[in-house]
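What follows is a single structure, written as structure tokens, with notes after it.
The values are calculated or read from the model by the stated rules, or taken from the named source; none is laboratory data. Since this is a predicted model, take the numbers as computed values, not measurements. Here the Cβ positions follow ideal geometry from the backbone for every residue, glycine too, while neighbour counts run over all protein chains shown. Just so you know, the surface numbers come from the protein's heavy atoms only, side chains and all, with ligands and any DNA or RNA stripped out. Shrake-Rupley method; radii C 1.70, N 1.55, O 1.52, S 1.80 Å.
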Amino acid sequence: MSISKKLALSLASGALLLAGLTACGAGDNPDGVSTGADGAALTSVTVRGCTPQHPLLPASTNEVCGGNVLDASEAKLIHYDADTAAPSLDIAESIESPDAITWTVKLKPGYLFQDGSEVLARNFVDAWNWAAYGPNGQVSAYFFEVIDGYADLQCGESGDCEAEPPAKEAMSGLTVVDDHTFTIKTVSATSNLKVRLGYTAFAPQPDAFFADESEGKADFAAKPIAAGPYTITAVTDTEIVLDRFADYSGDFPGTVDKVTFPVYNDLTAAYQDVVANNLDMTDTLPAGSLVGDLWKSDAPDRWGEKETGVFQALSFAPATVDPGLADIKMRQAISMAVDRDEITKVVFNGARVTATGWVSPVVDGYKAGACSNCVFDPVKAKQLYDEAGGYPGTLDIWVNGDGGHGEWAEAVCNQLVNNLGLACSVQTTPNFATLRDKINNREMTGLYRAGWQMDYPSIENFLAPLYATGAPSNDTDYSNPEFDVLLSQAAAATDDAAANALYQQAEDLLNVDMPVMPLWYQQSQFIYSDRIAQVKMTPFSTFDFGSVELA
Amino acid sequence: MGKYLLRRVLQMVPTLIGATLLIYWLNFALPGDPTAGRCGDRPCSPTYIAWFNHEYHLDQPFIVQYVLYLGRLLHGDLGTDFYSHQVLHELAIRYPTTIKLALIAVVFEAFFGLLAGVWAGVRQGQFADSAVTVATLLLISMPVFVLGSLAQLGIGIRLGWLPVTVSSRATVIELLMPGIVLGALSLAYAARLTRTSLVENLRADYVRTARAKGLSPARVVVVHTLRNSLLPVVTYIGGSLGAMMGGAIVTEKIFNINGIGAYIYRAINQKDGVGLVGAVACLVLIYLLVNLLVDLLYSLLDPRISHE
């Protein structure tokens, strides 16, 4: 075979290779339409985004990547204040109940969806029924548990919705009275229902949503229509684009015309881009940038900090799993032996605030100093530890390795070793999912990391889901009938102050039983580019687009 | 030759099926529950877990899951990943970016690697030789995340010469720095291979003959020696192209490239079998095709090798 023929064949196989490459990546790039008008007066900002784990539907979005976007696009009955998280009416004109069980919701007339249709009572009722309906597989469906008739919408035990379909398609607790009025009946008294209704899952859906025939409403989720200040105009794998909704009806508009969320897979990359002024804002900083306050010098005068409703703690493994922790004195001793102030100062450079209880200071009903066992007292700790007879073997502290938790866990461990004289070691799981898996299976002895970000700004949200008997996130199997009774009494109290007082009494019981030792409350750090003159962060760690001022 | 090509292409089919089976099984054997991390700092509700497992057939035995997957594959459907995205669509968007990145890296690697190798080989024992040895040693000993972060900080942020990260458009300019970082390690190896191979061949009898015939030194090196010296280098560069596509995870993370490495990393973390198998099967296919191309190039470089 001649050389030229061989060359031809090699070229042919090269073409084959290219064909293979294109087979794996068949064209169809995102069109990257940049809605022109660079010269025009359109203002825009870019914000670090990440890939939403679920389709962009209110009841299937429970994590920040989708939540940050829906926060700007969805309007709900209730709006949380961007500064204090205090609830106020948004779409609702009034939400009233004589007994905290039956609620009448009246809507403001003329509140518009982004497709121009009006937000009516049925848009709420139908959306909630759809979200709670088992076969639709909405991850936040359990938020509707409080509504009477929720159980009828769930599939059988097997989870096979075809074999065991739900008994009904609509919750009996929801009734449309007229276009602008509907009623909610809760399963039991729920005094803070009003506050809960500001959570994203309770957003209304336009008629276009119900007209969408695609599986899982995928077509709608690709271009959602909501009633909030921004319209989602493009969702691709690399960016999510929002445009200001010109006919927005609410009182909380954004200041810029366009918000783009480019997808970042890595916090450091986004951080570097803001430092270099290629990206306008990032709401989460890589752990390394907090060391020595590097972030403040990397982005001088372009940073901010906000106390957010995030509570970090260490859970004690249930006594059934770890008998060594069964004695209350042991748990008190461990909690008292940790100098939280020292760790928040040395490890976090003040980016965390020492916790004095189980409830975040950002919510109504917070009472400082609920945890007397959280006050550092090495002498008393050692005494209690000896009285409890010492911990058998090595005490493990479990954290996930992908969240920058190793350093503080080591610090806690060292303090326990120094102050109590026990053997301690930090155990790391490869990622968060593995830690969660081990917690769900109750596989770990010792202590494990527990973090809680509030869904809605209520003291109840820091207590009921975590410590009520059999509650979904009760990872320590804590059960105290007195605690449960106080919670239900608080839920039935129609007066906010009375309810808060009862919740605080419940919190005091946690100090008696110590199922979980509080560590610190989180502050969220953010930096922004030199294009931004001012931006605020909400207590939910999202940016408040109503506060953005361009330089 | 045509027969040879056909045989090689047909051989790819069982290889690909075997690869998908193996990857699917490995992913299945990973410990952990994929729904564990899907609901934030809390366990998912039992209703959702049941729905999720049913939806993605995770409640079926392994072999049923795999057969269902193959069945969909035959219809050209690569399935839906845990982010509810069509895998085919994801690959269609991500592969061009990764291929662009890998090609930039390979071009950089081949061009500068050969240049440095030839320079060092011809000036064996002189300053040039030592300089190349030291420079390549430095590159080989530097982990890619150090090199990447340093380049990002120095060239991107401090000097501002090149973009710090890669946007969704993934232009060539944006991919230049990551491409160079990605190709740097293989460049060092390519240079050393070229140098060694060249030095060896320069001592061969036919080179002495060529010189004795009075050919110009340039012609002796380029036409007579270099072509024969390229065999191991071409093998290496071909292999490195495949390795770069799969191994770009670190580089893609540093420069925020929405490529295939980032996708595979995410799929493994989520225990997302459908996404993982689709992405890796494509990698295997590319690897096989690159290897075929390298084998064909052999006969072009060395007339003694024939695929008849």
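Mean separation of Cα pairs under 8 Å and 6+ residues apart, divided by the residue count of chain A: what relative contact order is that in percent? Worked out over chain A, it gives 18 percent.
Can you find, among A:P323, A:W452, A:F124, the residue sitting farthest towards the positive end of the charge dipole of chain A, where Lys and Arg contribute +1 and Asp and Glu -1 at Cβ? Among A:P323, A:W452, A:F124, the one farthest towards the positive end of the dipole of chain A is A:P323.
Overall, the range B:152-308 carries a charge dipole of about 540 debye about its Cα centre when +1 sits on the Cβ of Lys and Arg and -1 on the Cβ of Asp and Glu, all other atoms neutral.
Could you name the lysines whose alpha carbon sits less than 23 Å from that of A:K168, not counting residues in the same chain fewer than 8 places away? Hits, sequence-local ones excluded: A:K185, A:K217. So for the range A:451-537, averaging the separation of alpha carbon pairs under 8 Å that are six or more residues apart and normalising by length, what relative contact order in percent results? Value for the range A:451-537: 17 percent. Local charge for B:A262 was computed over the other residues whose Cβ lies under 12 Å away, with Lys and Arg +1 and Asp and Glu -1, and equals -1. What you get for the range A:257-336, charging only the Cβ of Lys and Arg (+1) and of Asp and Glu (-1), is a dipole of about 320 debye around the Cα centre. If a paramagnetic tag sat 7 Å from the Cα of A:D247 along the Cα-Cβ line, which residues of the range A:63-81 would have the backbone N under 12 Å from that point? What the label zone holds, given the 12 Å backbone N cut-off, is no residue at all. In order along the range B:110-125, the phi-based Karplus estimate (6.51 cos²θ - 1.76 cosθ + 1.60, θ = phi - 60°) of 3J(HN,Hα) comes to 5, 5, 6, x, 5, 4, 5, x, 5, 4, 5, x, 5, 9, 4, x Hz; Gly and Pro are listed as x.
Bridge orientation summary for the range A:307-524: considering DSSP beta bridges with both residues in this region, about 65 percent are antiparallel.
Report the B-A buried area as the accessible area lost on both sides summed, probe 1.4 Å, in Å² to the nearest 100. Buried area (both sides, nearest 100 Å²): 5500 Å².
Projecting the Cα atoms of A:T102, A:P206, A:V187 onto the charge dipole of the range A:78-207, computed from C-beta unit charges around the Cα centre, puts A:T102 farthest toward the positive end. The modelled label-to-label distance between B:A128 and A:R531, using points 7 Å beyond Cα along the C-beta direction, is 4.8 nm.
Highest mean packing first, where packing is the average number of other Cβ atoms within 10 Å per residue, the peptides A:398-408, A:160-170 line up as A:398-408, A:160-170.
Would you mind pulling out the separation of the Cα centroids of the range A:306-369 and the range A:264-295, in Å? Using only Cα atoms to place each centre, the spacing works out to 28 Å. Once both labels are positioned 7 Å from their Cα atoms along Cα-to-Cβ, the gap between B:L150 and B:T196 label points is 2.4 nm. Computed from backbone phi with θ = phi - 60° and the Karplus coefficients 6.51, -1.76 and 1.60, the 3J(HN,Hα) list for the range A:474-481 is 7, 6, 9, 6, 5, 8, 9, x Hz; x is used for glycine and proline. Peptide A:432-444 has a mean of 5 when you count, residue by residue, the C-beta atoms of other protein chains within 10 Å of its C-beta. Considering only A:G66, B:A218, A:A287, the residue lying farthest towards the positive end of the dipole of the protein assembly as shown is B:A218, judged by Cα position with unit charges set on Cβ. In this structure, the residue pairs whose Cα-Cα separation is over 30 Å, taken from A:K76/A:K223; A:K536/B:K100; A:K345/B:K271, are A:K536/B:K100; A:K345/B:K271. At 7 Å along Cα-to-Cβ for each site, give me the label-to-label distance between B:W25 and A:E169 in nm. In this crude spin-label approximation the distance works out to 4.6 nm. Taking the Cα centre of the protein assembly as shown as origin and assigning +1 to Lys and Arg Cβ atoms and -1 to Asp and Glu Cβ atoms, the resulting dipole is close to 5340 debye. Summary of packing: across the peptides B:67-75, A:135-143, the per-residue average of other C-beta atoms within 10 Å ranks them, highest first, as A:135-143, B:67-75. Scalar couplings 3J(HN,Hα) for the range A:316-321, obtained by applying the Karplus form with A = 6.51, B = -1.76, C = 1.60 to θ = phi - 60°, are 8, 4, x, 4, 5, 8 Hz; x denotes Gly and Pro. Amide H contacts of A:E239 (H built 1.01 Å from N, in plane; Pro and chain starts excluded): A:V263 sit under 5 Å, all sequence-distant by 5 or more or on other chains. For A:I532, the residues whose amide H sits under 5 Å from its own are A:A551, ignoring neighbours fewer than 5 places away on the same chain, with H placed 1.01 Å from N. Note on A:A208 and A:T84: the extension gain reaches 41.2 nm, defined as 0.36 nm multiplied by sequence separation minus the Cα-Cα distance.
Centre-to-centre, using Cα atoms only, the range A:153-180 and the range B:119-142 are separated by 73 Å.
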